[in-house]
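> Here it is: the structure, laid out below.
The values are calculated or read from the model by the stated rules, or taken from the named source; none is laboratory data. All values reported here derive from a predicted model rather than from experimental measurement. Cβ coordinates were reconstructed from backbone atoms using ideal geometry, including for glycine residues, and neighbour counts include every protein chain displayed. Ligands, DNA and RNA are excluded from the accessible area calculation, which covers all protein heavy atoms including side chains. Shrake-Rupley method; radii C 1.70, N 1.55, O 1.52, S 1.80 Å.
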Amino acid sequence: MNLESILVAAVSEAVKTLYGFDAEANQIQLQKTKKEFDGDLTVVIFPFVKAARKSPEQAGQEIGEFLKKSNPLISGFNVIKGFLNLNISKSYWLKTLAEIHAAESFGIIFADENSKLMMIEYSSPNTNKPLHLGHIRNNLLGHSIAEIQQANGWKVVKTNIVNDRGIHICKSMLAWKLFGNGETPESSGLKGDHLVGKYYVIFDKHYKAEIKELMENGMTEEEAKKSASLILEAQKMLLAWENNDAEVRQLWEMMNGWVYAGFDKTYNQLGVSFDKIYYESQTYLEGKSEVERGEAMKAFYRREDGSVWADLTGDGLDEKLLLRADGTSVYMTQDIGTAKLRYNDYPINKMVYVVGNEQNYHFQVLSILLDKLGFEWGKSLVHFSYGMVELPEGKMKSREGTVVDADDLMEEMIETARETSQELGKLDNCTSEEIEAIVRMVGLGSLKYFILKVDPRKNMTFNPKESIDFNGNTGPFIQYTHARIKSVLRKATEQKIDFSSLNNNELDISEKESSLVQLLNEFPSVVRLAGEEFSPALIANYIYELVKEYNQFYHDFTILKEENPDLKQFRLVLSESVASVIKTGMGLLGIDVPERM
RNA sequence: GGUCCUGUAGUUCAAUGGAUAGAACAAGUGUUUCCUAAACACUAGAUCCGGGUUCGAUUCCCGGCGGGACUACCA
């Protein structure tokens, strides 16, 4: 039984004995004692004052006395207002640290054959332009959540749906065909995804010019948008693609090949990966046939022009297009097909889509459509909806060139890490390979932590003009602390000091030390909560707090020069445990920590 | 218009209905013969407005005001 449940039971017994009060579980509120007060854990007395018919102070005093007498874990207490602050015995914390230190993978639950399977979709890029900062948030969240769920005992399949077909792809293809003069990644020196993105922009430029011209000749904007030759050509291309036109398919394969090579580099740099990749081009036909099946079973209906729709007005929503009049598919069509294929391919217990909150409506609709098609799992899809990354001026707009490119940003962060390291002279004794590895770790660590420390549901702001900090609540701060601990441990090993376990369980350790053990002890429940809430931010904030506390300890106490060998050993064990939790926790965020920096 | 999200120091972020609303950055000041000063310490600074529920509300409810997203034969 853990400390909390022991105390809850003890408090329950206390109020029963003292006041004849049968407390319900949620009435016994145990919380961590705030820093400014003496104590480790605090019982909130207010729920009992009515039954006690005493002032909160008096009741707190009585309950405190009772607990202290009946429980050797409690070494003391004090009451302030309606709060009973309990001191937990030092020996308890020593025993706890020994357990933490001995644990194989503290805080982690491994999956076994009985574990349930969670499929997590993230990234889901379009193959018409390179990845940007918004995708970075998506990828980091998806990867981290997969790690966190795995640490909570789920079997996880990471998946990606590549939106490799559709009108937007045809736009890049058409522009390249018209204006590209055979340009390739090799001939241009451009990364493949950037090259294709360039033609997407070129399409848009020419398309806009054409619209403008048509409007000057008297068309309304709406008419012009529909009748511009470029868009008609792109639509024709999409139709040709769906009809397996050899030439279009060949162009498509070539350009997508460029993009995939580029994406692979970006994913690799970012440190994310997938167990199973689906391609829209391979799932949309399944979606189409599902839509047709839905039409046959009268879940959907066909309009006179041949387009197929779902009427969702009964669900409080609008009507939703599922197939265009020319028979081509839309985004929703393929998502239906992809979902079905996934459930065919895997025994999925929980399907999670990591997709931005701008698509809340889309997933609401998808869920209903799958349900209407008779899939019993339709309503159980989880849309993990995260907030947008905004610039100080507002949303990033690819057409206005305000996007922050993923490759550029990562490179900048690594360069900043390199400069900082040089200024501080931290890596003067390292080989160039080591330097490369460390500055990469630190640069990416700063970026990843910056993004993941924010509550995923909230929008966040990124200011490209102010580069991401390396001091304070940042990735490098945490990495630095880890490196410092490792440095001390290396020296201890050199000095042949044994810190493989604790020899003395009756040491008189300080408040700061016992509170560090207490904090370490919270790690498993933070991992549990992060899993339930789908929130890497909880892990990030926890690690920051741990590291901040540890740095105070490191500053105020000496480790290797401590004269009492048992105390020295305790501090080494404590330090090693902190380093281990930092490494594990940061690992759950997809952030590496260095041995030195 | 409709649906949904959101509003905390100058800025970026925290706070299972609990104590004097925490950090970081930016500003100012200090700490190094001592295990890595990418550290530590100190000073100053905030809950959009109005009601309600509660012993207690940043948190829950209602009404304003501000910001955002969605509401495409785009993805």
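> Trypsin sites (Lys or Arg not before Pro) within segment A:398-488: which are DSSP loop residues with at most 16 other Cβ atoms inside 10 Å?
A:457, A:458, A:465
> Helix A:246-270 sits at what angle to the longest principal axis of chain A, using alpha carbons and giving 0 to 90 degrees rounded to 10?
Helix A:246-270 sits at roughly 20 degrees to that axis.
> Where the centre of each part is set by its Cα atoms, how far does segment A:487-514 sit from segment A:148-192, in angstrom?
Between the Cα centre of segment A:487-514 and that of segment A:148-192, the gap is 52 Å.
> Return the distance in nm (one decimal) between the two label points of a simple spin-label model at residue A:184 and residue A:428, each offset 7 Å from Cα along Cα→Cβ.
Here the modelled spin labels are 4.9 nm apart.
> Measure out, as a whole number of angstrom, how far apart the alpha-carbon centroids of segment A:400-432 and segment A:278-331 sit.
48 Å
> Got a sec? Which residues in segment A:181-209 would a label at residue A:223 touch, if it sits 7 Å along Cα→Cβ and we count backbone N under 16 Å?
none
> Ignoring ligands, DNA and RNA, what accessible area per residue does segment A:21-135 give at 1.4 Å, in Å²?
The answer is 49 Å² per residue.
> As a test of the formula, what do you get for chain A when each DSSP H run with n ≥ 4 contributes -39,500 (n - 2.57) and the sum is divided by the residue count, at 222 nm and rounded to the nearest 500 deg cm²/dmol?
About -18500 deg cm²/dmol.
> Give the residue list of trypsin sites (Lys or Arg not before Pro) in segment A:42-145 that are DSSP loop and have at most 16 other beta-carbon atoms within 10 angstrom.
Answer by residue number: A:53, A:81, A:116.
> Could you give the spread of the C-alpha atoms of chain A along their three principal axes, from largest to smallest, in whole angstroms?
Result for chain A: principal-axis Cα extents of 88, 64, 48 Å.
> Looking at segment A:291-348, what % of the alpha carbon pairs are farther apart than 16 Å?
49 percent
> If all Cα-Cα distances of segment A:300-433 are sorted into 10 Å bins from 0 onward, what percent lands in each bin, rounded to whole numbers?
Reading upward from the zero bin: 9, 26, 23, 19, 11, 8, 4, 0.
> Treating the angle as unsigned and between 0 and 90°, give the value, to the nearest 10°, between the Cα long axis of helix A:406-424 and the longest Cα principal axis of chain A.
40 degrees
> Now a separate question. In segment A:165-271, carbon and sulfur make up what percent of the accessible area (probe 1.4 Å)?
Ligands and nucleic acids excluded, carbon and sulfur reach 53 percent.
> Output the 0 to 90 degree angle, nearest 10, between the alpha-carbon long axis of helix A:3-19 and the longest principal axis computed from the alpha carbons of chain A.
Compared with the principal axis, the helix lies near 60 degrees.
> While we're on this one: Roughly how big is chain A's charge dipole about its Cα centre, with Cβ charges of +1 (Lys, Arg) and -1 (Asp, Glu), in debye to the nearest 20?
Working: 67 positive and 87 negative charges, 181 e Å.
It comes to approximately 860 debye.
> Here is a further query. Percent relative contact order of segment A:426-588, based on C-alpha pairs within less than 8 angstrom and at least six residues apart?
31 percent
> What ratio of Cα Rg to 2.2 N^0.38 Å holds for segment A:42-107?
Here the Cα radius of gyration is 1.42 times the empirical estimate.
> Tell me the carbon and sulfur percent of the accessible area for segment A:426-588, rounded to whole percent, probe radius 1.4 Å. It would help to have the intermediate numbers written out before the result.
Details: 3490 of 7230 Å².
Taking all protein chains in place, segment A:426-588 shows 48 percent carbon and sulfur surface.
> Per q in 0.13, 0.17 1/Å, what log10 I(q)/I(0) does a Debye calculation on the alpha-carbon atoms of segment A:3-88 return?
Treating every Cα as an identical point scatterer, log10 I(q)/I(0) equals -0.33, -0.57.
> Going down the table (A:32/A:561; A:208/A:236; A:426/A:548; A:129/A:350), which pairs top 28 Å between alpha carbons?
Values: A:32/A:561 32 Å; A:208/A:236 19 Å; A:426/A:548 21 Å; A:129/A:350 31 Å.
The answer is A:32/A:561; A:129/A:350.
> Could you report segment A:284-388's accessible area per residue, 1.4 Å probe, as an integer in Å²?
For segment A:284-388, the per-residue accessible area is 43 Å².
> Moving on. Once you compute Rg and the Kirkwood Rh from C-alpha atoms, what is the Rg to Rh ratio for segment A:399-486?
Result: Rg/Rh = 1.01.
> Please give the direction-averaged projected area of the C-alpha convex hull for segment A:145-285, in square nanometres with one decimal.
11.1 nm²
> Tell me the GluC sites (Glu not before Pro) within segment A:386-460 that lie in a loop according to DSSP and have at most 11 other beta-carbon atoms within 10 Å.
A:393
> Moving on. Just subtract the alpha-carbon distance of residue A:212 and residue A:240 from 0.36 nm times their residue separation and send over the number in nm, one decimal.
Gain on extension, residue A:212 to residue A:240, equals 7.3 nm.
> How far is the Cα center of segment A:118-133 from the Cα center of segment A:208-258, in Å?
Segment A:118-133 and segment A:208-258 have Cα centres spaced 24 Å from each other.
> For segment A:461-597, compute Rg over Rh where Rg is the Cα radius of gyration and Rh is the Kirkwood radius from the inverse mean 1/r over Cα pairs.
1.00
> With a point put 7 Å past each Cα toward its Cβ, work out how far residue A:293 is from residue A:349 in nm, to one decimal.
2.6 nm
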